[in-house]
1. Filter the stretch 97-113 down to residues that are modelled with pLDDT of 65 or more and assigned to a helix (DSSP H, G or I), then give me how many there are.
2. Any idea how many residues of the stretch 73-99 are touching a residue at least 12 places away in the same chain (Cβ under 8 Å), surrounded by fewer than 17 Cβ atoms within 10 Å (Cβ to Cβ) and either acidic (Asp, Glu) or within 21 Å of Ile20 (Cβ to Cβ) (or both)?
3. Only helices (runs of 4 or more DSSP H) wholly contained in the stretch 8-96 count here; list those with 2 or more residues that are farther than 20 Å from Leu112 by Cβ and touching a Ser or Thr at 6+ places or on another chain (Cβ under 8 Å).
4. Only one of Leu52, Leu64 is modelled with pLDDT of 80 or more, hydrophobic (A, V, I, L, M, F, W, C) and within 13 Å of Leu93 (Cβ to Cβ); which?
5. Kindly provide the set of residues from the stretch 29-79 that are more than 21 Å from Leu121 (Cβ to Cβ) and among the polar types (S, T, N, Q), ordered by number.
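The values are calculated or read from the model by the stated rules, or taken from the named source; none is laboratory data. As the structure is a prediction and not an experimental result, all values here were calculated from the model. Here the Cβ positions follow ideal geometry from the backbone for every residue, glycine too, while neighbour counts run over all protein chains shown.
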Amino acid sequence: MPVAPMLAEDIGKVLPLVIIIAVILLGLAVLSVACVPLCAGIGRGTWWGFALALCITLVGGFFLLGCLTTVGGVPVFFDIISAIPFGCGLLGLYLWGQGRKNWSTLTLRILLYGIIIVAGLTLFALWVRRH
């Protein structure tokens with residue numbers, strides 16, 4: 001079976017795969033944002049709340065690691081969208097073990113620190129790719 005060479009100008013064969021991966025990442029990001037209140041609310045203290053938050057964290061972490069270590073780099077959209085499940089999973093794990101007092105301020109504080117850390121990692125990865 002002959003393999004057709006794929007040049008940089010011929011991205012038509014790869015474009016559907018890139019779109020499918022972007023849709024999967026976007027769906028995972030939306031699912032992870034929706035699961036944070038679920039893990040912190042009725043799932044707090046239960047085994048399934050912990051398992052849900054842990055799965056989202058692990059899958060998001062693997063996607064983020066894959067995007068940050070891809071040779072040649074990926075578009076910045078993929079870096080940002082793959083960081084959302086990881087951050088939401090960590091937030092869900094933290095809120096899973098906490099009480100409901102100061103939930104809103106704690107959530108905002110964790111989101112702020114998480115965004116700063118993810119932005120720093122992304123900027124570092126972009127800097128490493130360019131040098």
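1. 10
2. Of the residues in that region, 4 qualify.
3. In the stretch 8-96, 47-68 are the helices (runs of 4 or more DSSP H) which contain 2 or more residues that are farther than 20 Å from Leu112 by Cβ and touching a Ser or Thr at 6+ places or on another chain (Cβ under 8 Å).
4. Details: Leu64 fails: within 13 Å of Leu93 (Cβ to Cβ).
Among Leu52, Leu64, only Leu52 is modelled with pLDDT of 80 or more, hydrophobic (A, V, I, L, M, F, W, C) and within 13 Å of Leu93 (Cβ to Cβ).
5. Result: Thr46, single match.
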